[in-house]
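Reading through the structure tokens given below for one structure.
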Amino acid sequence: MKTFASSKQLRKSLAQERAQGKTIAFVPTMGNLHDGHIELVRQAKKVADIVVASIFVNPLQFGVSEDLDSYPRTLAADKQKLFAEGTHYLLYPEVDEIYPEGMGSQTLVVVPDLSDTLCGASRPGHFAGVATVVNKLFQIVQPDIAIFGKKDFQQLAIIEKMVKDLCMPIQIIGVETVRDVDGLAMSSRNGYLTDEERSIAPALHKTLLECREAIACGFDSYEELEQHCIDALKEAGFKPDYFSVRDAVTLGGVTSQTEQIVILAAAKLGKPRLIDNVTLTLNPHQDWGMLATH
Ligand code: PAF
């Protein structure tokens, strides 16, 4: 694995790979890699000749009161994991490399509407920070394919929209969420949980599954269902931010045009704010009407 702190040097090497006709898949991360990230790398290996990963804790996507300073940084262990998976290139730039003129006057990429709801409503500016840094990383790596986890469902939708709107010749692939055996979605922030909180945390996924089950059985009073699930999460010890049944494409409310439903939730449990989602495909061609997916 070749590792670069300099985007210029990485670009040079990748230009040589491209000149030999090799395809490039890119896995952007903020490091502290877990099995969810490793799955992204494995998928990347399946779809391209060359796998490039990046590790960059992007300050532009953290709010002032968020965990930028305490965000886990484990570069040495991350490098080993990426090497073991056969990653070809790693970019791990310093903040100055990505924001040489600081962040105050940085040109921003803003994906409207999709960025303002759900996590965007409680984390103003977060998705502009994500879209901007992903755009920069795409300019540096110029991948054919980029891989993101479906745990960050809204982030994935925003990146897909950005790529489409800005005519970027990049295929975006979403990879299923990797979970612990008890259903908790893997996340770098799970490390903040105390033992007691860790035992409560799977209730987030369980509540999402129960909500999906109710919808699959024909219950369509979504607001009532959302409130019921918020109450259940509070009862379990969470401080819910949102629990919402949405159209999986528009992230707006479910309509008669909706083909896939996504149920998304965000809730604080002690220090970390956990997010998760499940989807449900509506299939009008089948007698039973609905087909549950991931
Ligand atoms: O999902 C993440 O880890 C980050 O938001 C990303 C996509 C690497 C951008 O900083």
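The values are calculated or read from the model by the stated rules, or taken from the named source; none is laboratory data. Quick caveat: nothing in here was measured; it's all calculated off a predicted structure. Every residue, glycine as well, gets a Cβ built from its backbone with ideal geometry; the counts of neighbours run over all protein chains shown. These area figures cover heavy atoms from the full protein model, side chains too; ligands, DNA and RNA do not enter into them. Shrake-Rupley method; radii C 1.70, N 1.55, O 1.52, S 1.80 Å.
For (1) within 11 Å of the ligand (Cβ to nearest atom); (2) within 10 Å of the chain's Cα centre (by Cα); (3) not basic (Lys, Arg), each residue gets a yes or a no:
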site	(1), (2), (3)
ILE145	no, no, yes
LEU156	yes, yes, yes
GLU160	no, no, yes
ASP165	no, no, yes
MET168	no, no, yes
GLN171	no, no, yes
VAL175	no, yes, yes
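Count of the stretch 134-187 residues, restricted to those that are part of a loop (DSSP other than H, G, I, E, B) and open to solvent by 20 Å² or more (accessible area, probe 1.4 Å), is 18. Remark: pairs (first residue in the stretch 108-123, within 19 Å of SER65 (Cβ to Cβ); second residue open to solvent by 50 Å² or more (accessible area, probe 1.4 Å) and of a type outside the set (Val, Ile, Thr); Cβ separation under 6 Å; 6+ apart in sequence or on different chains) = SER122/ASP241. Scoring ASP241 on the criteria (1) more than 16 Å from the ligand (Cβ to nearest atom); (2) open to solvent by 20 Å² or more (accessible area, probe 1.4 Å); (3) under 24 Å from SER70 (Cα atoms); (4) free of Cβ contacts under 8 Å to residues at least 40 places away in the same chain leaves a single failure, condition (4).
One line per residue, one yes/no per condition, for (1) more than 16 Å from the ligand (Cβ to nearest atom); (2) under 21 Å from THR177 (Cβ atoms); (3) touching a Pro at 6+ places or on another chain (Cβ under 7 Å):
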site	(1), (2), (3)
THR3	yes, no, no
ILE38	no, yes, no
ARG42	yes, yes, no
ILE50	yes, no, no
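A search for C-beta distances below 6 Å between a residue of the stretch 183-208 that is within 14 Å of ASP152 (Cα to Cα) and any residue that is more than 16 Å from the ligand (Cβ to nearest atom) and open to solvent by 30 Å² or more (accessible area, probe 1.4 Å), counting only pairs 6+ apart in sequence or on different chains, returns ALA185/ARG179. Just one of the listed residues (ILE38, ILE50, ILE55) is closer than 23 Å to ARG123 by Cβ and in contact (Cβ under 8 Å) with a residue 24 or more places away in the chain, namely ILE55. Filtered by the rule that a residue be part of a helix (DSSP H, G or I) and surrounded by 19 or more Cβ atoms within 10 Å (Cβ to Cβ), the stretch 199-213 gives ALA203, LEU204, HIS205, THR207, LEU208, CYS211, ARG212.
Quick grid of which residues meet (1) within 13 Å of the ligand (Cβ to nearest atom); (2) open to solvent by less than 60 Å² (accessible area, probe 1.4 Å); (3) in contact with a Ser or Thr (Cβ under 6 Å, 6 or more places away or on another chain); (4) over 25 Å from SER6 (Cβ atoms):
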{"residue": "ILE55", "(1), (2), (3), (4)": "yes, yes, yes, no"}
{"residue": "GLN61", "(1), (2), (3), (4)": "yes, yes, no, no"}
{"residue": "TYR71", "(1), (2), (3), (4)": "yes, yes, no, no"}
{"residue": "ALA76", "(1), (2), (3), (4)": "no, no, no, no"}
{"residue": "THR87", "(1), (2), (3), (4)": "no, yes, no, no"}
{"residue": "LEU108", "(1), (2), (3), (4)": "no, no, yes, no"}
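Note on the stretch 1-65: enclosed strands (runs of 3 or more DSSP E) holding 2 or more residues that are over 21 Å from ILE172 (Cα atoms) are 2-4. Of everything listed in (1) open to solvent by less than 10 Å² (accessible area, probe 1.4 Å); (2) in a helix (DSSP H, G or I), the single unmet condition for GLU196 is (1). The set of residues in the stretch 11-51 being among the polar types (S, T, N, Q) and on the phi < 0 side of the Ramachandran plot consists of SER13, GLN16, GLN20, THR23, THR29, GLN43.
Please determine whether any residue of the stretch 193-214 is in contact with a Gly (Cβ under 7 Å, 6 or more places away or on another chain) and among the hydroxyl-bearing types (Ser, Thr, Tyr). Within the stretch 193-214 (the criterion being in contact with a Gly (Cβ under 7 Å, 6 or more places away or on another chain) and among the hydroxyl-bearing types (Ser, Thr, Tyr)), the answer is yes, since at least one residue qualifies.
Of the numbered criteria (1) in contact with a Pro (Cβ under 6 Å, 6 or more places away or on another chain); (2) under 29 Å from ASP180 (Cα atoms), the one GLN61 fails is (1).
Of everything in the stretch 258-284 that is modelled with pLDDT of 95 or more and among the polar types (S, T, N, Q), the residue that is farthest from the chain's Cα centre (by Cα) is THR258.
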